[in-house]
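The values are calculated or read from the model by the stated rules, or taken from the named source; none is laboratory data. Here the structure is a predicted model, which means the values were calculated and not measured. In this analysis, Cβ positions are derived from the backbone assuming ideal geometry, glycine residues included, and neighbour counts consider all displayed protein chains.
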Amino acid sequence: MVPGFLYRKRFSELSEQDILALAISSEEDDARIYRSYAHSLRDNYPKSAAIFDDMAAEEDAHRAALIELHRKRFGDVIPMIRREHVSGYYARKPVWLIENLSLDRIRSEARGMEQAAEAFYLKAASRTEDASTRDLLGKLAAAEAGHDQKASELEQEYLGEDARSAEDQDAHRKFVLTWVQPGLAGLMDGSVSTLAPIFATAFATQDTHTTFLVGLAASVGAGISMGFTEAASDDGQLSGRGSPIKRGFASGIMTMVGGLGHALPYLITDFWTATIIAFIVVFVELWAIAWIQNKYMETPFLRAAFQVVFGGALVFAAGALIGGG
């Protein structure tokens, strides 16, 4: 048995008092999560933060109704039972894992929370024989089911079309500046700048093992260099480009990926087989860069393709000529 799971109760083993206590603790957790969402959004998306403040207040009202029912039926002492104490009960992701999510992902997570809560209340209502308890649980299930409509009403109240559009555009801009732009720069640097040393080594030695080691060293070294450079060059406070750590990871990892793409084929021992596969990988990398530029940077595709392919061809030619000479 896995430690921690041995001592969990099955949902079917819970008493009606346990079910009420579980519902109370779950509403407390959900309200806390919504307030965490609101706190993380408040600076950049104040209108959306207000929506989550209101949703947290509604969860507080649910909790108050559940506590009042528990007081009438079982007294003031509420058993300590939480989601993690029940086998198979729906779980919430830790807030520290989701607090840096995009605005759309936070909205999606909130919808998932409400759907899971609705399913719990429906199941809990079917397990209770007390009329007042069953009635309240049924009402809470309906309330959770109606939260999508409630969220829409709150969006109309706080956001409106113009504010919603402005927040979505701002979220997209932050995503591009924090992740796409440094990642694209890294991918371009890794894919293009490592062409010369890798193919120069390949044609000079025709030794796949040596070529792979050179490609690995060039890719990892370039990734570390690009990552530190991106992180140290701008703290994001004035430029609005977001966390330097995030940008550093995006740039460094994509630089390494770009270089390793055409270094890995040289794990194949046959020189020409490895080189042909490396050619194909380079072609895919360059077209992927052009596609990303077109999709996220709004660069016309043909112009992006010409710039990337032409530049890559020049670097490759330089490496091949130097290696062949």
- For region 252-269, does any single residue satisfy the condition of being among the aliphatic types (A, V, I, L, M) and touching a Pro at 6+ places or on another chain (Cβ under 7 Å)? no
- Task: Being over 21 Å from ASP189 (Cβ atoms) and among the hydrophobic types (A, V, I, L, M, F, W, C) is the filter here, so list the residues in region 261-279 that pass it.
- Result: LEU267, ILE268, PHE271, TRP272, ALA274, ILE276, ILE277
- Task: Show the residue pairs that are 6+ apart or on different chains and have beta-carbon atoms under 9 Å apart, the first residue being within region 190-215 and of a type in the set (Gly, Ala, Ser), the second being not in a helix (DSSP H, G or I).
- Result: SER191/HIS262; ALA204/GLY325; GLY215/THR194; GLY215/HIS262; GLY215/ALA263
- Among the listed residues TYR45, TYR34, which satisfies the condition of being under 20 Å from the mean Cα position of the chain (by Cα), modelled with pLDDT of 85 or more and buried (at least 17 other Cβ atoms within 10 Å of the Cβ)? TYR34
- Tell me the helices (runs of 4 or more DSSP H) entirely within region 215-325 that contain at least 2 residues that are loosely packed, with under 14 Cβ neighbours inside 10 Å and at pLDDT 80 or above. 271-296
- Message: Looking at region 102-127, I want the residues that are under 17 Å from VAL86 (Cα atoms) and have a partner that is outside any helix (DSSP H, G or I) and at pLDDT 75 or above with Cβ atoms under 9 Å, at least 6 apart or on another chain. Which pairs are those?
- Response: ALA124/LEU14; ARG127/LEU14
- Give me the pairs: first residue in region 276-287 and over 16 Å from ALA202 (Cβ atoms), second residue assigned to a helix (DSSP H, G or I) and among the aliphatic types (A, V, I, L, M), beta-carbon distance under 6 Å, and six or more apart or on different chains, which are they? LEU286/VAL308; LEU286/VAL309
- Query: Before we move on, is ILE98 at pLDDT 75 or above and among the aliphatic types (A, V, I, L, M)?
  - Reply: no
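Can you work out which of the residues in region 185-214 that are under 11 Å from LEU260 (Cα atoms) and at pLDDT below 90 is nearest to the chain's Cα centre (by Cα)?
The selected residue is LEU187.
Kindly evaluate ALA250 against the criterion of being closer than 14 Å to LEU184 by Cβ and in contact (Cβ under 8 Å) with a residue 24 or more places away in the chain.
Details: closer than 14 Å to LEU184 by Cβ: yes; in contact (Cβ under 8 Å) with a residue 24 or more places away in the chain: yes.
So ALA250 passes the test.
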- Task: Give just the number: which of (1) more than 21 Å from SER108 (Cβ to Cβ); (2) among the aliphatic types (A, V, I, L, M); (3) modelled with pLDDT under 90 does ALA64 not satisfy?
- Result: (3)
